[in-house]
Each structure stands twice: as structure tokens, then as C-alpha cells.
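Peer 1: Please see the structure below; I have some questions.
The values are calculated or read from the model by the stated rules, or taken from the named source; none is laboratory data. On a predicted model such as this, the values are computed, not experimentally measured, just so you know. Cβ: placed from backbone, ideal geometry, glycine included. Neighbour counts: every protein chain shown.
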Ligand code: GDP
């Protein structure tokens, strides 16, 4: 098996990543005696999708690291280990940003272990807000370490592990190609084996967390029951459990869907039937737990009012998109607008809602709107179809090579007012999924203008079918 070592300054999450990679498998702990001290290096067999490799955790060295003379000692202690290691995962902490000590580790790696192929891993990425630019900033910094494309992930939550897989796979496969003819490759288990890909590594297969939100009486419970086709959701908590722990989970089209905060809204909905109140609208916290937010509107209310969305509804829709969630708008109670006498109302609702969504959330075009009657069970399949479709787009990952081919084409399509002001995009890559987040690396003195960014975003969405979800492109200026 190829050996992969996890390197990094203290507290960046080396052990967390190690534990995630070995899962429940046994970790071997052995001592590396050196001149003065004995430290542990843990080692185990990592499994990441179809990849298998030996993983070494240098976290045991942390105690020394914090006492100051980290680098020399680390060098000593890991000497033996490094001699038989082919790859390194160089961890940095996405929240802290790049520290001097990270730079030191980088320099040290290059000097002491020039033969080791290194991938920079930005850990704790689940806490990074791609939308405030903090992710772009750290990605840019990570590039400056000089080890190529960084991978952003969360060892804690497992997000981004498929990106690590993508980055490691070609390296490990190359390596195996070289060593396989070698007879004394001690393990019979090949790096790439036939085991089915583990679901956990394929983010699109992770359970879909769905939040059904909306004002009281719009029909959230009814819709949910229609989706579930039975009264499961209204059944009270099991003995000994509090209401909060009701967790509705169901299967749709072969995937697991969790309802986020079901207990919360059922409870509040029952208490607060009546006037629209912001308190019933899901808090930001709940939205953050959802992958897709289904905002339910009431068609009858829309037909009555001049604007399709009440203030609270606009707030929630904007929040969902600002937080980078997928949004699906559901207009319920369409059965109340049937019949010849309601024809005009019906049509105005059908036209007004998508228009108004576009007006209040101009940054995302094509947010799906589904018209349903939860009471009659009409449109419930369309709801789930849109939810899953949105989720899949939200999880999309586009290979860098494909993006750069696309970029060359699309930039030649763009009409530049002033060719001399045309920015040079050296490189375009997706740094994150859920939601898809891209970085354009620009060199030279010309930066991408807002117009350029809008053009790129629009083209990207059209060409890769990413309409209806928040997609973010950031630029990094290369120096
Ligand atoms: P929630 O507060 O959003 O969970 O709303 P409920 O599901 O409790 O529904 C509120 C009221 O609207 C109930 O009286 C439902 O029967 C009614 N309702 C829900 N969906 C529909 C629908 O599609 N058509 C009609 N006509 N009434 C509905």
C-alpha cells in the first residue's frame, strides 16, 4: 500500500482526519524513538471510496510542536517515517487562515521530503462562509504554499471527502502502476479495489436535509402528509422523547430525505395559527441545517394580495439563498383557484410568483416554482422531483480540466469593450460543492469586472445546468 502522512501544525485537525479515514478500523500506535523523546505516530489503513492506502498521523508530535522547536524535532522524529512515505496531506486550518507556522511546515516539507507528493488540505471548511469570501481567501493562501490545488474539507462532518478522493486518486493510481510489477509489495490488497464506492464519500448520496418552511396555515403539514401519503408526521413523539427529537425521515427515489426541524414547525404551527408572524418562520439556524429549503406559499393569499409574497416570506427566501441553500418555491392550495370563475386569478398566480421570486432574488435565475394542491395530493411528486433535482445541482462537482476547456471557449464568446483591458484568467476551478463555488485565478493587471463576473456566472449556469441554485464565483489575483 502507498503511505500517506498527515502533516500540519498543532490543532489543525490531523487526528480528526485520520480517524475519519480509518473509520472504525484499528489504528496501530507505535513509538518512534529518537535521541531525546519518544512520540507516537499512529498508523492505519485508510479507505476513501475505492482507494486504500496506509495513513500515518503525526499528531503525536504536537506536544513537542507547541514547545517551540517543533521543526527540528519533527524532522528527527519523522525521518524514518518519511523515508517510506510517498504522499503527504498537509493540513491547514481554514478558519485561522494561513499562519507563519504553516509556512514553516511547508518549507520544511519541501526541504526534508522533496520526493513526497503533497496535497494541501484546508480543514474545518464547514465553518467557512463561501459567500463572505473567507473560503476564497484561504484557498488563495493555500495556493501560495506552492503545492498545487488545495482541497477544502471538513474532517469533522465529512464534507469534501469526495474532493480529497478526487485529488488522491490519480496520484495513488500512478504510484500503484509503478510499484505493482514489484514483487515485494507487502500487501495483497491493491490500492484500487473492487469494493463498491462507499456512499459516505459521494456527497450527492448523503441524506438530503429538507426544510419545509412557510407561514402558518399555508399547508406545510398537509403537504408533508401528501408526500408521505400517510399521517406519520402528525404522530406524536415516542414515549420518553421530547418533541424536538421527532425526526421525519423517508425515502424518495432511492435516497434518504431528512426533514429538518419538523417538530419545531409542527409545534409552532399548531400554536400560532392565524396571523403571519416571523416567529414561525424558520430561524437562520434551521435553514443552515437544510440542504434544500422548500418555501410553501398559499395560492389563495396570493390571489387576494397585490404582491405574491409577504414580507416574512421574502425574508426567508432571501435568507435561504444568502446561506447558499437550494430553494424550491411551492405554491399550495391551487385547487381553490380552479373553475372558470377563477381563471384570471389562476393565471395571475402562475405568472406572478416566478416573476416576483426573480425580482426579490435577482442573483439566482430560474428558482423552481411548483404549483400544487396538497389537499388533493396533486403535484407532490413534482415537489420531490424539484427538491431532488435542486439538491443534485447543489452537490455538483465539475472537473477542473472540463472547466478550463469551457473557460477558453466562453472567454472567446465574451465581447470585450476594450481588448487591452481583458483580464487573463489563468485557471478556473471549483473549490467546493454544496453549493458550487468556483475560483478564477487572474493574472496581470486587469481584474474581472462585475460585468465579467456576471457573464461568467451566467454562462457557467447555462452550460453546466446549474440554474436555480446559488453559484458563486470568486476571483483571486495571482502575483
Ligand atoms: P401548516 O400550518 O402550514 O402546517 O398548514 P396545514 O397543513 O395545517 O394546513 C392549514 C389549512 O389549510 C388546513 O385547514 C388544511 O386543510 C388547508 N390546506 C392545506 N393544503 C391545502 C390545499 O392544497 N388546498 C386547500 N384547499 N386547503 C389546504
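Peer 1: Please go through the stretch 216-226 and give me each residue that is under 29 Å from the mean Cα position of the chain (by Cα) and buried (at least 24 other Cβ atoms within 10 Å of the Cβ), ordered by number.
Peer 2: Hits for the stretch 216-226 are 220, 223, 224.
Peer 1: Those residues that are within 16 Å of the ligand (Cβ to nearest atom) and without any contact (Cβ under 8 Å) to a residue 40 or more places away in the chain, I need them from the stretch 375-406; list them, please.
Peer 2: If the condition is that a residue be within 16 Å of the ligand (Cβ to nearest atom) and without any contact (Cβ under 8 Å) to a residue 40 or more places away in the chain, then 381, 382 are the ones that fit.
Peer 1: Just one of 35, 57, 96, 102 is at pLDDT 55 or above and either surrounded by fewer than 19 Cβ atoms within 10 Å (Cβ to Cβ) or over 29 Å from residue 139 (Cβ atoms) (or both); which is it? Step through it out loud before you land on a result.
Peer 2: On the way: 35 fails: at pLDDT 55 or above; 57 fails: either surrounded by fewer than 19 Cβ atoms within 10 Å (Cβ to Cβ) or over 29 Å from residue 139 (Cβ atoms) (or both); 102 fails: either surrounded by fewer than 19 Cβ atoms within 10 Å (Cβ to Cβ) or over 29 Å from residue 139 (Cβ atoms) (or both).
Step by step, each of 35, 57, 96, 102 is checked, and only 96 is at pLDDT 55 or above and either surrounded by fewer than 19 Cβ atoms within 10 Å (Cβ to Cβ) or over 29 Å from residue 139 (Cβ atoms) (or both).
Peer 1: Give me a count of the residues in the stretch 5-17 that are in a helix (DSSP H, G or I) and surrounded by fewer than 24 Cβ atoms within 10 Å (Cβ to Cβ).
Peer 2: 2
Peer 1: While we're on this one: Does at least one position in the stretch 414-437 carry a residue that is assigned to a helix (DSSP H, G or I) and within 29 Å of residue 287 (Cα to Cα)?
Peer 2: Restricting attention to the stretch 414-437, the residues satisfying the condition of being assigned to a helix (DSSP H, G or I) are 419-421.
Now drop any that are not within 29 Å of residue 287 (Cα to Cα), which leaves none.
Checking the stretch 414-437: not a single residue is assigned to a helix (DSSP H, G or I) and within 29 Å of residue 287 (Cα to Cα).
Peer 1: Are there any pairs with C-beta distances below 6 angstrom linking a residue in the stretch 206-231 that is under 14 Å from residue 258 (Cα atoms) to a residue that is within 7 Å of the ligand (Cβ to nearest atom), with the two at least 6 apart or on different chains, and if so which?
Peer 2: 212/220
Peer 1: Mind listing whichever residues of the stretch 386-400 are in a helix (DSSP H, G or I) and either within 12 Å of residue 467 (Cβ to Cβ) or more than 15 Å from the chain's Cα centre (by Cα) (or both)?
Peer 2: Taking the stretch 386-400 and keeping what is in a helix (DSSP H, G or I), we get 386-394, 400.
Selection gives 386, 387, 388, 389, 390, 393, 394, 400.
Peer 1: Quick check: is even one residue across the stretch 217-227 assigned to a loop (DSSP other than H, G, I, E, B), out of contact with any strand residue (DSSP E or B) (no Cβ under 6 Å at 6 or more places or on another chain) and modelled with pLDDT of 75 or more?
Peer 2: yes
Peer 1: Let me ask something else. Considering every residue within the stretch 228-247, establish whether at least one is modelled with pLDDT of 75 or more, surrounded by 14 or more Cβ atoms within 10 Å (Cβ to Cβ) and within 16 Å of the ligand (Cβ to nearest atom).
Peer 2: The answer is yes; a qualifying residue exists.
Peer 1: Moving on. Condition first: more than 15 Å from residue 349 (Cβ to Cβ) and touching a residue at least 40 places away in the same chain (Cβ under 8 Å). Now tell me which residues in the stretch 360-374 satisfy that.
Peer 2: Residues satisfying the conditions are 360, 361, 363, 364, 365, 366, 367, 368, 374.
Peer 1: On to the next question. Scan the stretch 322-346 for residues that are within 16 Å of the ligand (Cβ to nearest atom), in contact with a strand residue (DSSP E or B) (Cβ under 8 Å, 6 or more places away or on another chain) and in a loop (DSSP other than H, G, I, E, B) and jot them down.
Peer 2: Answer for the stretch 322-346, where residues must be within 16 Å of the ligand (Cβ to nearest atom), in contact with a strand residue (DSSP E or B) (Cβ under 8 Å, 6 or more places away or on another chain) and in a loop (DSSP other than H, G, I, E, B): just 333.
Peer 1: Taking residue 302, is it assigned to a helix (DSSP H, G or I) and within 16 Å of the ligand (Cβ to nearest atom)?
Peer 2: yes
Peer 1: Got at least one residue in the stretch 111-118 being surrounded by 15 or more Cβ atoms within 10 Å (Cβ to Cβ), touching a strand residue (DSSP E or B) at 6+ places or on another chain (Cβ under 7 Å) and in a strand (DSSP E or B)?
Peer 2: There is at least one residue in the stretch 111-118 that is surrounded by 15 or more Cβ atoms within 10 Å (Cβ to Cβ), touching a strand residue (DSSP E or B) at 6+ places or on another chain (Cβ under 7 Å) and in a strand (DSSP E or B).
Peer 1: Can you name the residue in the stretch 347-377 that is in a helix (DSSP H, G or I) and in contact with a strand residue (DSSP E or B) (Cβ under 9 Å, 6 or more places away or on another chain) and is also nearest to residue 301 (Cα to Cα) among such residues?
Peer 2: Checking each candidate, the answer is 349.
Peer 1: Answer with yes or no whether residue 349 is in contact with a helix residue (DSSP H, G or I) (Cβ under 8 Å, 6 or more places away or on another chain) and modelled with pLDDT of 90 or more. Break it down stepwise before answering.
Peer 2: Details: in contact with a helix residue (DSSP H, G or I) (Cβ under 8 Å, 6 or more places away or on another chain): yes; modelled with pLDDT of 90 or more: yes.
The answer is yes for residue 349.
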